[in-house]
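Shown next, in structure tokens, is the structure this report addresses.
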Amino acid sequence: MRAMSLAAAVTTASLPAKENEGTNPMNFDEIKQRAGTFSAKFDVMETFAGVSPEDGIPMWVADMDFSAADCVLDVLREQAEHGYLGYPGRASLVSEAVAGWMKTAHGWDVKPEWISYTHGVVAGFGMALEAFSDPGDDIILFTPVYHAFFKKAAAKRRGVLESELVVKDGRYEMDLAALEGKLTGREKIAVLCSPHNPGGRLWDADEIRELAAFCDKHDLLLLSDEIHMDLVFPGAKHVPTAVAAPDSVPRLVTITAASKGFNLAGGETGFMIVPDEALRAKLAPVQLEYGGTPNRFGMLMTRAALTGGAEWSEAVRAYLADNFALWRDRIGALPGIKVMDMQSTYLSWVDFTDTGMSPEETDRRIRQDARIAQSPGADFGTGGENFHRFNLAMPRPRLIEAIERLEKAFGDLQ
Ligand SMILES: Cc1ncc(COP(=O)(O)O)c(C=O)c1O
């Protein structure tokens, strides 16, 4: 129960008044006990990182330490009160909500019949690999990138061609010329993570178009994972790949969800948006094989979030942007430590190269000295070795505690 004492010890009262004003109508500052609540982030952190939830701070797996929007909780309460938990029907009701949200939030005209549901986005990723490539084929990943892509490719016996992102003016860019020189002819799919995890990069429409043209030239399916689409900081904009590159829609599969933006990951519900009929026909048998009936609660939560969650979304994104600004100003001020600038997500990508320390040493200081469970950069592929990824989606008092611990753990840097 020492996690509770952390909550008690670090109160909002210790914050400068300004920090708490303006951006927090939903009280995201509130620290609630999550350890012992069937939470991967807290209850598996000891197994994952050797850091106990008793006194540790989880900054690894990507969910937020915030309660979901009231509209989402209401729909679950209604279900519990009604008491009948049978198979769900009328997915079209959810598809209308998805289409409505895609139009208003992201400017994409999606037809409900283009949408199908999966048990999470990674499951949809696996289905796309199966439908659009064969064992022994390669997929292209722009690394460092979300680690589950590598695991899924390995599980499906697809190879990975890594195209390392290059840092230009402090942000990641694709190097398509270098990639072109590495192609072997075995590649069938290029995967875009948009917004990018890690690093929170929002790809410009021009960059997406260049990638789409590259896919046209080399006859690649473009698989666009847009799960972080609803985590964009105020003033910034996510451009769906289909909007940036409409001419490439015949080779485009988009996989996304309401789960990241609205903190519903336990609902395990993703959706695939495939405007092209021929691609949908190729995907359908694979979807049938893995079970077409979506999760009742995930579907209802998705619909509730996308129809009633706009205000919550705006508030949480403003809060996350403030968390990032505080983190960047303090952690980025430590000598030799660079915090990559980001416009979206809550997954901060931090470069420890100039500390001169090995990844093992920085990992030891983070986990053993600071008692923080982060995600080691090497898990994200080539280019990530000297980085660590930190999840900032937590009440600000806890974030300040994490910052203070890291300042102490790296206090000898000059
Ligand atoms: C890019 C990306 N895709 C997919 C996922 C996970 O999706 P799901 O839990 O719906 O399988 C994550 C989780 O962090 C992610 O960052």
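Would you be able to say whether some residue in region 289-299 is at pLDDT 95 or above, more than 16 Å from the ligand (Cβ to nearest atom), open to solvent by 40 Å² or more (accessible area, probe 1.4 Å) and not hydrophobic (A, V, I, L, M, F, W, C)? Looking through region 289-299, at least one residue is at pLDDT 95 or above, more than 16 Å from the ligand (Cβ to nearest atom), open to solvent by 40 Å² or more (accessible area, probe 1.4 Å) and not hydrophobic (A, V, I, L, M, F, W, C). The criterion of being out of contact with any strand residue (DSSP E or B) (no Cβ under 8 Å at 6 or more places or on another chain) and not assigned by TED's automatic domain parsing to the domain that holds ARG209 does not hold for LEU264.
Residue-wise test of (1) touching a helix residue (DSSP H, G or I) at 6+ places or on another chain (Cβ under 6 Å); (2) polar (S, T, N, Q).
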| residue | (1), (2) |
| --- | --- |
| THR362 | no, yes |
| SER375 | no, yes |
| ASN386 | yes, yes |
| ILE403 | yes, no |
| PHE410 | no, no |
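Would you check if ASP137 is modelled with pLDDT of 95 or more, away from the ligand (no atom under 12 Å from the Cβ) and out of contact with any Ser or Thr (no Cβ under 8 Å at 6 or more places or on another chain)? Taking the combined requirement at face value, the residue satisfies it.
Which of the residues spanning region 87-110 are assigned to a loop (DSSP other than H, G, I, E, B) and farther than 27 Å from ASP247 by Cα? The answer is TYR87, PRO88, GLY89, ARG90. Taking every residue in region 253-271 that is within 26 Å of CYS215 (Cβ to Cβ) and of a type in the set (A, V, I, L, M, F, W, C) and pairing it with any residue that is more than 10 Å from the ligand (Cβ to nearest atom) and in a loop (DSSP other than H, G, I, E, B), at least 6 positions away or on another chain, the pairs with Cβ-Cβ distances below 6 Å are VAL253/VAL274.
Among the residues of region 338-361 satisfying the criterion of being β-branched (Val, Ile, Thr) and open to solvent by 10 Å² or more (accessible area, probe 1.4 Å), which is nearest to GLY261 (Cα to Cα)? So, considering only residues that are β-branched (Val, Ile, Thr) and open to solvent by 10 Å² or more (accessible area, probe 1.4 Å), the one nearest to GLY261 (Cα to Cα) is VAL339.
Report yes if some residue within region 116-126 is among the small types (Gly, Ala, Ser), away from the ligand (no atom under 16 Å from the Cβ) and either open to solvent by less than 20 Å² (accessible area, probe 1.4 Å) or modelled with pLDDT of 95 or more (or both); otherwise report no.
Within region 116-126, the first condition is being among the small types (Gly, Ala, Ser), and the residues that meet it are 116, 120, 123-124, 126.
Of the ones still in play, those that are also away from the ligand (no atom under 16 Å from the Cβ) are none.
Looking for residues that are among the small types (Gly, Ala, Ser), away from the ligand (no atom under 16 Å from the Cβ) and either open to solvent by less than 20 Å² (accessible area, probe 1.4 Å) or modelled with pLDDT of 95 or more (or both), one finds none in region 116-126, hence no.
Under the condition of being over 14 Å from PRO195 (Cα atoms), assigned to a loop (DSSP other than H, G, I, E, B) and more than 14 Å from the ligand (Cβ to nearest atom), the residues counted in region 220-259 number 4. For region 149-181, the set of residues classified as open to solvent by 40 Å² or more (accessible area, probe 1.4 Å) and of a type in the set (A, V, I, L, M, F, W, C) consists of PHE150, ALA154, ALA155, VAL160, VAL166, VAL167, ALA177, ALA178, listed by residue number.
Here region 149-184 is the region considered, the condition is being of a type in the set (Gly, Ala, Ser) and within 15 Å of VAL122 (Cα to Cα), and the residue that is farthest from the ligand (Cβ to nearest atom) is ALA154. Cβ-Cβ distances below 7 Å connect the following pairs, each with a first residue in region 185-205 that is at positive phi, a second residue that is within 11 Å of the ligand (Cβ to nearest atom) and in a loop (DSSP other than H, G, I, E, B), and a separation of six or more residues or different chains: GLY200/THR345.
Scanning region 362-405 for residues that are over 17 Å from HIS196 (Cα atoms) and either open to solvent by 50 Å² or more (accessible area, probe 1.4 Å) or not assigned by TED's automatic domain parsing to the domain that holds GLU54 (or both) turns up ARG364, GLN368, ASP369, ARG371, GLU385, ASN386, GLU404. Filtered by the rule that a residue be surrounded by fewer than 21 Cβ atoms within 10 Å (Cβ to Cβ), touching a residue at least 60 places away in the same chain (Cβ under 8 Å) and either within 16 Å of the ligand (Cβ to nearest atom) or among the charged types (D, E, K, R) (or both), region 21-45 gives ASP29, GLU30.
Quick check on TYR146: is it open to solvent by 50 Å² or more (accessible area, probe 1.4 Å), of a type in the set (Phe, Trp, Tyr) and within 16 Å of the ligand (Cβ to nearest atom)? Against the criterion (open to solvent by 50 Å² or more (accessible area, probe 1.4 Å), of a type in the set (Phe, Trp, Tyr) and within 16 Å of the ligand (Cβ to nearest atom)), TYR146 qualifies.
The values are calculated or read from the model by the stated rules, or taken from the named source; none is laboratory data. Bear in mind the structure is a predicted one, so any value in this text is a computation, not a measurement. Ideal geometry is used to build each Cβ from the backbone, glycine not excepted, and the neighbour counts take in all protein chains shown. Heads up: the accessible areas ignore ligands, DNA and RNA and are worked out on the full protein's heavy atoms, side chains in. Shrake-Rupley method; radii C 1.70, N 1.55, O 1.52, S 1.80 Å.
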